[in-house]
Amino acid sequence: MVEAATAADRRSRPIMPDLTGTVLPPVLLLLLGIITVLPISALLIRAFLARDGGFVGLDNFIRYATEPGLAVAAWNSASLSAISTVIVMALAFPYAYALVRTRIPGRGFFRLMALLPLLAPSLLPAFGMVFLFGNQGWLKHWLFGEGLYGPVGIVMASAFYAFPHAVLILSAGLSAGDQRHYEAARALKAGPWRRFVTVTLPSCRYAAISAASIVYILVFTDFGIPSVVGGSTNVLATDIYKLVIGRFDFEMGAVVGVLLLVPAVIAYGIDWFARRSQRSMITGKSVPIEPERLVWRDAALFGFAAVVTCAILAILGMAMYGSLVRFWPYNLTLGLQNYERLFTDDDEFRALGNSLVLAAGTALIGTTMVALSGWLVARRLGASGVRNGLQAVAMVPVAVPGLVLGLGYVFFFNNPANPLHGLQGTMLLIMLCTVAHFYTVPHLMAVNELQRLDREIDMAAQALRVRPAGAARRVYFPVLMPTLVDVAGYFFVNAMTTVSALIFLFTAQTRVAAIAVINLVEGSRIGQAAAFAVLIMAMSMVATAVQMVLRGLVLRSQSWRRRTT
């Protein structure tokens, strides 16, 4: 009786006001704006200012346009990115088709091999290309007299670097087909080729557009590959580095940053439209694809996938081999000298430790912010304007090249009038920049996962007078936990391998391994640079293995998932 009266009294009392929906959304929006929108705005403003801070309008753009190398660098960036995109799409589409739409043996192995380059910095394939096709490379005659250092090397290494991204997107698009369309085509006596042309291609056309857009952005804005195999070929990504680091011309650097930003925004707009249209093609009545067995097609695609996999392993293997060579190409004695130098040199060893600190800090900060922003957006907490602003700001980084974001950080945080000026040169600032650079994809992962939960859960929580924070702790975050493990792994690996976003921010004390690789290349220590890149890939592989184990442990500990299934 007393318990019933106590429960009734508890239900009748008004609950204390919960500040989660009123305070947290604007605070998180402010933090995201500081690490994303404000630095980019600072760069855009700097492009229209003189060195003394006066407004000069378009004078900086006009001055840069009169430089003789502008047209060449712009043309090289646009044309080489387009060529690389065509090559990547020609290789990635049949490879993804083999993984999703055939019954070839070893599909899991081929998928793993295709995604292996994601764990390595973009510099690693460039080293493999150097050892294979460079001036002293074993297969240099395969280039028919062309030199690796220049457009050929940029295209080859960029295609290798962007290939796994295209495979991921195309695999998702090809998996989203509807088996009923193929059954209807068979009923109409359409053969395999006609079904491919009339059903398969139209169903994945938006995924193909999206993949091509992403590949173009990656190649257009990449800094690492042109710095290793670009030779005398200027592109906009290396131009901005030379202007800022070599000539300390920050105004011209801001101008090039704007030039890099415009094509990236356009390409992202195309990608956004493609993804939006792709989602509208899938209905609740769709039937999953069941690949049919065609011996001749499966045999051909198995051979193709095997050749591509061998090429991937050859390039990565040559980079590892070059890291073991004492002094390429004059002393081919194998040993661990290059690795020993990295661990005995205080500066290089510190860079390795800094990378681990950066990756761990980025994973911690980024995962926390993603969990909060995904929860607020997916469960519609806070004022609609603040919530929509949070979603919009979270989408900004995906269209901003790393070089542009990093240079924006220099302009914004290096301003003495900025209260946050004290962060300049610290590891925390580098962590925040890395979080901002890779924020969009994890945010979407969290939002999509939480949107799967029915809105009735929120209504039940309100009926039971459970605060949003309590519902999040008991329901939403446990559901989101496996995704958060993936998010932490995503941040960790990308923080280990990224170069462009950090190239303007590091100091002697905060230099990380990926930046050290660039410095070693500039010092013509190619063997040590390859060893460092291999170490980065190895640490990324270990981190990925730990992520998979943790995800499995989380799923096993959540027995309610098995009961629900």
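The values are calculated or read from the model by the stated rules, or taken from the named source; none is laboratory data. Please read all numbers here as calculations on a predicted model, not as lab measurements. Cβ: placed from backbone, ideal geometry, glycine included. Neighbour counts: every protein chain shown. Areas reflect the complete protein model, heavy atoms only, side chains present, ligands, DNA and RNA absent. Shrake-Rupley method; radii C 1.70, N 1.55, O 1.52, S 1.80 Å.
Whole-Hz Karplus values for segment 42-48 come out as 4, 5, 4, 5, 4, 5, 10 Hz, taken residue by residue from phi with 6.51 cos²θ - 1.76 cosθ + 1.60 and θ = phi - 60°; glycine and proline positions read x. Net length available on complete extension from D345 to R293 is 13.1 nm, with 0.36 nm assigned per residue and the Cα-Cα distance removed.
Applying 1/(1 + (r/R0)^6) with R0 = 35 Å to the Cβ-Cβ distance of L336 and A545 gives a FRET efficiency near 0.95.
Summarising the overall dimensions of segment 27-159 from its C-alpha atoms, the Rg and Dmax are 21.9, 65 angstrom. Take the Cβ atoms of A538 and T22, set R0 to 35 Å, and the FRET efficiency comes out at 0.15. Highest-first packing order for the peptide set 51-58, 82-89, 524-531, 210-217 is 210-217, 524-531, 82-89, 51-58, based on the mean count of other beta carbon atoms within 10 Å.
3J(HN,Hα) couplings calculated from phi for segment 68-82 with the Karplus curve 6.51 cos²θ - 1.76 cosθ + 1.60 (θ = phi - 60°) are, in sequence order, x, x, 4, 4, 5, 5, 5, 5, 4, 4, 5, 6, 5, 5, 5 Hz; Gly and Pro show x.
Once both labels are positioned 7 Å from their Cα atoms along Cα-to-Cβ, the gap between R556 and I62 label points is 7.0 nm. Each residue, A50 and F109, gets one label point 7 Å from its Cα in the Cβ direction; the gap between the two is 6.7 nm. Calculate, for T426 and S524, the FRET efficiency according to 1/(1 + (r/R0)^6) with r their C-beta to C-beta distance and R0 25 Å; round to the nearest 0.05. E between T426 and S524, to the nearest 0.05, is 0.20. Between S79 and A306, full extension at 0.36 nm per residue minus the direct alpha carbon distance yields a gain of 78.8 nm. Each label was represented as a point 7 Å from its Cα along the Cα-to-Cβ direction; for N448 and T507 these points are 4.0 nm apart. The protection proxy used here, the mean number of other Cβ atoms lying within 10 Å of each residue, ranks peptides 141-150, 392-401 as follows, highest first: 392-401, 141-150.
Annotation: M320 carries an accessible surface of approximately 80 Å², with a 1.4 Å probe and no ligand, DNA or RNA atoms counted. For L49, enumerate residues with amide H under 5 Å from its amide H, sequence gap 5+ or separate chain, H modeled in the peptide plane. Excluding prolines and chain starts, which carry no amide H, the hits are V56. When peptides 23-36, 248-261 are ranked by their average number of other Cβ atoms within 10 Å per residue, the highest-first order is 248-261, 23-36.
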